[in-house]
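Structure first, then comments.
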Ligand code: SF4
């Protein structure tokens, strides 16, 4: 055992066994220890290969998730474009409201230093105004919340309490 030599014309065997057989210097114990080590390496290699196979399937799964997210983002993007288009139709309304509101806010007799003294606001209305505009839309005067119309001229545009200051013409036709 262990020292057979390959003869001329003989085909070499492949694999571990023929290699171990041709180790003339190795004792039975050394060969057995070598076999165990090789078995351990084989086992580890198998585990690595299994993990690699798992990694491959994980990569495929992640690629699927990535394409699904990309598809959803594309659809959200096109929805945003339609919302943008619809909102742009409101731009003229906002422009005119601001134009009329600024004029009314400057010429209304209820305005004192940019603050409307006509409206007395309930806490519900104050909260709504803060939600839609900002704290700058309000000012507290003697524990009452008042509209700072200089900062939110839109409100004056829709206000039914507008009362022009003396000398301001509202364009009313006299009969
Ligand atoms: S138009 Fe209305 S909101 Fe504006 S200052 Fe006059 S009363 Fe106040």
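Taken together, the values in this text are just the output of simple stated rules run on the coordinates, not laboratory data. Values in this document were obtained by computation on a predicted structure and should not be read as measured data. Here the Cβ positions follow ideal geometry from the backbone for every residue, glycine too, while neighbour counts run over all protein chains shown.
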Problem - Yes/no for residue 163 being surrounded by fewer than 18 Cβ atoms within 10 Å (Cβ to Cβ) and more than 9 Å from the ligand (Cβ to nearest atom) - result: no
Practice task
Sort out which residues of the stretch 104-126 are more than 10 Å from the ligand (Cβ to nearest atom) and surrounded by 12 or more Cβ atoms within 10 Å (Cβ to Cβ), and write them in order of number.
Solution key: 121, 125, 126
Handout entry: Qualifying positions in the stretch 92-149 - in a loop (DSSP other than H, G, I, E, B), within 40 Å of the chain's Cα centre (by Cα) and over 21 Å from residue 169 (Cα atoms)
Key = 121, 122, 133, 134, 148
Practice task
Quickly run through the stretch 150-160 and pick out the residues that are more than 32 Å from the chain's Cα centre (by Cα) and in a loop (DSSP other than H, G, I, E, B).
Solution key: 150, 158, 159, 160
